[in-house]
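Here's the structure, in structure tokens; my notes come after.
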Amino acid sequence: MDAIDPVLLTLLPQDIKNLFFPYASVQLWALLLNLLLGFLLASIIGLHFRHYSSAFCNRQDFSRLFPLLMLTVILIITVVKASLALALGLVGALSIVRFRTPIKEPEELIYLFLNIGIAVALGAGQTLAALLACAVTLVLVTWTKRRNMAISQEQGLFLSINDHSEHEITVSVNELKNLLASHSERLELRRFDCDKYSFSATFFITATEVEQLDSCLALLKQRFPTIKISLLEQHNIAGV
């Protein structure tokens, strides 16, 4: 029977790992745990965003990005904290990245930062801090949202108006606001586009009675006979 090489006898499991993965310094079990927790927390944040956000977007599709964002940031922070050389290389790599996706609502950006903040904490190994911060943040935001909904019984709607004519159209933001303000409790301009023969505008309005909405529509049709109007209830934007 051939003798066993004395060198192989000295190779312990840690030595074997270092032999095949000499640069591995990440604790894989800790990374796996943080990835699973991050996916769970991102799903909970997405559920909260779909139910309590008032952002003017497809909340269902937008919230599906949260788990991917969470897992990506966890991986980046985990790898970066384990190696200074990788951290310096990451700075150079990210300098060529350009993010061109527009964030139209501040609330969308806030939820993205919440995901990034939780992911940074998990990637840095602050698991308990991430769990506590996520739970406290969502509970406080939920309490605030429900409290505001209980205080205000106004009906929030997005009013979109479009008009196109063969003749020149003269319209201003001030004129539209004056037409709508007299029959609404709250009025906010979200978007306005105008050229020589057409214009479009989107307002967020609140009204306590349906008659107020009918009066707004009547004034708009009286001023712009060919106008096209659409109303969208803000809590039904998410889709299925």
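With a Förster radius of 45 Å applied to the C-beta separation of GLU188 and ALA135, the computed FRET efficiency comes to 0.90. Applying the Karplus relation 6.51 cos²θ - 1.76 cosθ + 1.60 with θ = phi - 60° to region 28-42 yields 3J(HN,Hα) values of 5, 5, 5, 5, 4, 4, 5, 5, 5, 5, x, 4, 5, 5, 5 Hz, where x marks Gly and Pro. Only protein heavy atoms count here; under a 1.4 Å probe, SER43 has an accessible surface of about 50 Å². The candidates THR78, THR137, arranged from most to least accessible area with a 1.4 Å probe in the full protein assembly, appear as THR137, THR78.
Couplings for region 208-213, taken from phi via the Karplus curve 6.51 cos²θ - 1.76 cosθ + 1.60 with θ = phi - 60°, read 8, 9, 5, 4, 5, 5 Hz in order; Gly and Pro are left as x. When nucleic acids and ligands are ignored and a 1.4 Å probe is applied, LEU189 ends up with an accessible area of around 60 Å². Extension gain, THR226-LEU33: 0.36 nm per intervening residue step, less the Cα-Cα distance, totals 63.5 nm. Ordering THR170, THR226, THR202 by accessible surface, largest first, gives THR170, THR226, THR202; the 1.4 Å probe counts only protein heavy atoms, with every chain in place.
Here's how it looks for ARG186: its modeled amide H is under 5 Å from those of THR206, which are all 5 or more places away or on a different chain.
The values are calculated or read from the model by the stated rules, or taken from the named source; none is laboratory data. Please read these numbers as outputs of a predicted model, since none were measured by experiment. Methodologically, a virtual Cβ is constructed for each residue, glycine included, from the backbone with ideal geometry; neighbour enumeration extends over all protein chains shown. Heads up: the accessible areas ignore ligands, DNA and RNA and are worked out on the full protein's heavy atoms, side chains in. Shrake-Rupley method; radii C 1.70, N 1.55, O 1.52, S 1.80 Å.
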